[in-house]
1. Can you tell me which residues in region 261-289 are in contact with a Leu (Cβ under 9 Å, 6 or more places away or on another chain), closer than 18 Å to Val197 by Cα and open to solvent by 60 Å² or more (accessible area, probe 1.4 Å)?
2. Could you list, in sequence order, all residues of region 275-290 that are farther than 27 Å from Tyr156 by Cβ and of a type outside the set (A, V, I, L, M)?
3. Against the definition (open to solvent by less than 60 Å² (accessible area, probe 1.4 Å), farther than 27 Å from Thr8 by Cβ and either over 19 Å from the mean Cα position of the chain (by Cα) or of a type in the set (Gly, Ala, Ser) (or both)), how does Ala349 come out, yes or no?
4. Run down Glu383, Glu417, Glu467 and say which single residue is of a type in the set (D, E, K, R) and in contact with a Phe, Trp or Tyr (Cβ under 9 Å, 6 or more places away or on another chain).
5. Counting only residues that are open to solvent by 60 Å² or more (accessible area, probe 1.4 Å), within 12 Å of the ligand (Cβ to nearest atom) and assigned to a helix (DSSP H, G or I), how many does region 114-129 have?
6. Would you tally the residues in region 85-94 being within 43 Å of the chain's Cα centre (by Cα) and either polar (S, T, N, Q) or within 16 Å of the ligand (Cβ to nearest atom) (or both)?
7. At least 3 residues that are closer than 18 Å to Asp343 by Cα and not hydrophobic (A, V, I, L, M, F, W, C) in each: list the helices (runs of 4 or more DSSP H) lying fully within region 353-472 that qualify.
8. Give me a count of the residues in region 352-391 that are open to solvent by 60 Å² or more (accessible area, probe 1.4 Å) and in contact with a helix residue (DSSP H, G or I) (Cβ under 6 Å, 6 or more places away or on another chain).
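The values are calculated or read from the model by the stated rules, or taken from the named source; none is laboratory data. Please read these numbers as outputs of a predicted model, since none were measured by experiment. A quick note on method: Cβ atoms are made from the backbone with ideal geometry, for glycine too, and the neighbour counts reach across all protein chains shown. Each accessible area value is taken on the protein alone, full model and side chains, heavy atoms only, with ligands, DNA and RNA left out. Shrake-Rupley method; radii C 1.70, N 1.55, O 1.52, S 1.80 Å.
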Amino acid sequence: MHIGNLRTALYAYLLAKKDGGTFILRIEDTDQNRYVEGATDVIYDTLRACGLNWDEGPDIGGDYGPYIQSERMGLYKDYAKKLVEIGKAYYCFCTKSRMETLHEDQKANGETPHYDRHCRDLSAEEVQKLLSSGAEYVIRQKIPTDGETSFNDIIYGEIKTPNKDLDDQILIKADGMPTYNFANVVDDHLMGITHIVRGNEYLSSTPKYNLLYEAFDWEIPVYIHVEHIMRDSTHKLSKRDGDAYFGDFVKKGFYIPAIINYIALLGWAPKGEREIFTLSELIKEFDVSGISKSPAIFDEVKMKAINAEWLRALSHDEFKTVIIPYIKETVKREDIDFDLLADCLQPRAELLTDIPEKVDFIDSVPEYKNDLYISKKMKTTPESSLDALKMLLPLLENTDDFSFDSIHAKIMEKITEAGVKNGVILFPLRTALSGKAMTPGGGTELAAILGKTETIKRIKDGIAHIEAEVTI
Ligand code: ZN
């Protein structure tokens, strides 16, 4: 699901929930040319994963079903025929080849291709004759030729359009299917839709919607048109950018509640400075007056910062549950202290997909060079590290309680006794246990995470590793 569509669904959900309304899922699948296998499942799965649970919809029913437009096919044509009866729509028998020639001629004259209202004034007899002859037809909306049509939008205010700028759009296609615009008006009325949140690419067709509502004498819903999400000041966020879809961001390691939090802020500004919101907090805070008239620029760096804040703010148990699948990508061992590992990872967590690489030393130490024991900051060398590991080995061998607190107390006592800086001892320990320059947690944490057997083995390996290169 495109991030823009998800944001539209989110705003509709927030608006409904804030005002005690009903959030309705309707599947609009009347355009068979645009049918994509599995697309409906993507809608269900994405909305559910994001917690945007619908009150009425195809799978759970409701009083206004069916909630899939292709299952409502029978009713649209009858409504179009009603419009024909009252003179607000008409049959058009223009053939495909006539339309093609017309559009070619218009283009040659420098005009935008449009329908020339050729069949608008056919007599009732002519229409009847053509219908009984089995001629193919569409049903078109009869737009007034003069005057103007206005409509109100919550974000944009009153918008007036001269009727001469509106085309006699098709309501029912040659295959008998309704157009997207017509099916929407009929269904929104029949399903009791009071508020419509949608992208502002529909602003220009809204006057035609209103003429339909007026023709049927139906109540016009509240329109909330939202601006596009842009990649930069001139380009929309599109599939070509590779990163426009909800699934892309999940794959990149964004935490779903953080994605929802960020996209809520794309085009809507909460009151105050606060930026981190759960979905239920968004329901309380959401207000259409905060929706912007300017396009929102998608900023992945900002989204990452919000993701990091989200991960840091989780409780220990929540964080652990979220990261376990990522840890398991590189860690098959079960006998480690996952709680301590989670505590070490949480303060610096940014993207969930960073985690497998951060813990990939837990099953086995990667190849490394003795240079890894050199730290200017810690004032360590392979030689000093060898001394440190040799000092730690008997100490830890004689330690039965391998909890972090116990190991920490013992090592600190030894460091004080030896009169050296902490790093001189702890940095070599961390290096021997991980074989890496960057680790979640220091030497003592890693020892406690790995447990006694593995820690002793890795210290011995570290000693052998240094001795193999250093001549004492
Ligand atoms: Zn025609």
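1. Residue satisfying the conditions is Glu285 alone.
2. Correct list: Thr278, Ser280, Glu281.
3. Details: open to solvent by less than 60 Å² (accessible area, probe 1.4 Å): yes; farther than 27 Å from Thr8 by Cβ: yes; either over 19 Å from the mean Cα position of the chain (by Cα) or of a type in the set (Gly, Ala, Ser) (or both): yes.
So Ala349 fits the description; yes.
4. Numbers: Glu417 fails: in contact with a Phe, Trp or Tyr (Cβ under 9 Å, 6 or more places away or on another chain); Glu467 fails: in contact with a Phe, Trp or Tyr (Cβ under 9 Å, 6 or more places away or on another chain).
Criteria check complete, one pass: Glu383.
5. 1
6. 4
7. Numbers: elements: 355-358, 382-397, 404-418, 422-434, 443-450, 452-469.
Per the criteria, 355-358, 404-418, 443-450.
8. The qualifying residues number 1.
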